[in-house]
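What follows draws every value from the coordinates through simple rules; no lab data is involved. No experiment lies behind these values; they were computed from the predicted model shown. Here the Cβ is made from the backbone with ideal geometry for all residues, glycine too, and neighbour counts use every protein chain on show.
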Amino acid sequence: MIPEEIESWASEIADDMKKQYGLSVHNATPIDKGWLNVKWKMETDQGPVFVKFYHPARYKLHLHPERKAAIRKTLELQHGLHSAGVRCPGVHQQNNRFLQETSTGLHYAVLDWVDGYTMPAGSLSEAQMFDLGQNIGNMHKWLRSVQPMDNPAWKPDKEGYFKDWQGNWKKAQEANDEIVLEWLTRSRQFVESLDFQMFDACPVGWLHWDLWVDNILVNEHGLAGIVDFDRMAVAYPEIDVARAILSGSLRDGQLRTDTVASFVEGYREYLELSKGIVVRAISMLYLIESIWWLRTEVRAESNLRGLLGRFIEEMHWIEDHWETLQEQLDCI
């Protein structure tokens, strides 16, 4: 994106923030995270805030009112979680609106600024994982009170999995991508070995659905805040458990069970997490994410390899350690 264009958007949104919230912006620093979204730390006369602009090329909100409604709902839920004590940014509202629109149609949201930093994958400390578990447990408990708007956005479905898998296999064959063909051969064997009846007891509800280290801000004491609730949906909250554990505790091919135990201890302060659920959650995560990451398009996008390589590593780790995973986690 062109810097002049970003500056123009910041100026227009800052003018609208003055009208909507009475905030006078005197500096806007872009934050380079997220595809086709522009984010700023804006310094105002009432302190710093986080501002997110929903880029029309990504969201096309004027063409898809249901997407605008979904964003409004996630912002509302995030603010409710913040009010319930979950460590996440509160969302500024005006006239009961969390999503604002300028006179030219720029959609944006204003959130509390959170002082914190991200850690490399697998590097969260025991204290940070305990805090993360506490807050995810609190989040899931509060979200149980929210009526799901529709059916789960995704379900563990063996037939559906292999339909998507076949599409990935075809593209890998067309690209003569021997590496991905090998990946897919392994993933097929793994999924064929799964007993899908294990998922019958999984509770359905709202979840964050993007709990990896880039969306977990920490400080020297523990968790500073969970951010980026854009992907919130109704599915299986256990997915959050698996994603947070793998992202926070898997380092150099080893699952740091001391930090996993800390996470589980924190989570259990709010909700039950009995033995076997973490393993079930990890297998469910594999069913979703192996379709996303184990494909030719991911390998072809050289600018994404560093970012997405971590997720590919996690998928292979699950395959390699599935037979011993329950044994590793039995003490938790």
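With unit charges on the beta carbon (Lys/Arg positive, Asp/Glu negative), name the residue among LEU217, LEU273, SER247 whose Cα is farthest towards the positive pole of the charge dipole of region 212-274.
Value computed over the given set: SER247.
Before rounding to the nearest 500, sum -39500 (n - 2.57) across all DSSP H runs of length at least 4 in the chain and divide by the residue total; then give [θ] at 222 nm in deg cm²/dmol.
The helix-only estimate for the chain comes to -16000 deg cm²/dmol at 222 nm.
Rounding to the nearest 20 debye, state how big the charge dipole of region 251-292 is about its Cα centre with +1 on each Lys and Arg Cβ and -1 on each Asp and Glu Cβ.
Roughly 120 debye, rounded to the nearest 20.
If I take all pairs of Cα atoms in region 3-112, what percentage of them are more than 20 Å from each other?
Counting pairs separated by more than 20 Å, the tail of P(r) holds 38 percent.
If the label point is 7 Å along Cα→Cβ of GLN326, which residues in region 265-280 have backbone nitrogen under 19 Å from it?
Correct set: 273-280.
Using only alpha carbon pairs under 8 Å that are at least six residues apart, calculate the relative contact order of region 147-224 and give it in whole percent.
Once normalised by length, the contact order is 32 percent.
Please state the charge dipole magnitude for the chain, taken about the Cα centre, from unit charges on C-beta atoms (+1 on K and R, -1 on D and E), reported in debye and rounded to the nearest 20.
It comes to approximately 840 debye.
For ARG251 and GLU7, compute 0.36 nm times the residue count separating them, minus their Cα-Cα distance, and round to one decimal in nm.
Between ARG251 and GLU7, full extension yields an extra 83.9 nm.
Net charge near GLY22: determine it from the other residues with C-beta under 14 Å of the C-beta of GLY22, scoring Lys and Arg +1 and Asp and Glu -1.
Summing Lys and Arg as +1 and Asp and Glu as -1 gives -1.
Farthest toward the dipole's positive end in region 3-112, which of ASN96, LEU23, SER11, given Cβ charges of +1 (Lys, Arg) and -1 (Asp, Glu) about the Cα centre?
Of ASN96, LEU23, SER11, it is ASN96.
Can you give the translational diffusion coefficient of region 202-244 in µm²/s, computed by Stokes-Einstein from the Kirkwood radius over Cα pairs at 10 °C and 1.306 mPa s?
Estimated diffusion coefficient is 145 µm²/s.
For the chain, evaluate the Debye formula with one uniform point scatterer on each Cα (no solvent term) and list log10 I(q)/I(0) at q = 0.09, 0.10, 0.11 Å⁻¹, rounded to two decimals.
Calculated log10 I(q)/I(0) at the listed q: -0.52, -0.64, -0.77.
Treat each spin label as a single point 7 Å out from the Cα along the C-beta direction, and report the PHE196 to ALA127 distance in nm.
That separation, rounded to one decimal, is 4.6 nm.
Rounded to the nearest 10 degrees, what's the angle between the helix 158-174 long axis and the longest principal axis of the chain, both from Cα atoms, 0 to 90?
Tilt of helix 158-174: around 80 degrees.
Pick out, from THR257, ILE291, LEU329, the residue whose Cα sits farthest towards the positive end of the charge dipole of region 226-332, with +1 on the Cβ of Lys and Arg and -1 on the Cβ of Asp and Glu.
ILE291
For region 222-332, evaluate the Debye formula with one uniform point scatterer on each Cα (no solvent term) and list log10 I(q)/I(0) at q = 0.10, 0.15, 0.21 Å⁻¹, rounded to two decimals.
-0.31, -0.71, -1.32
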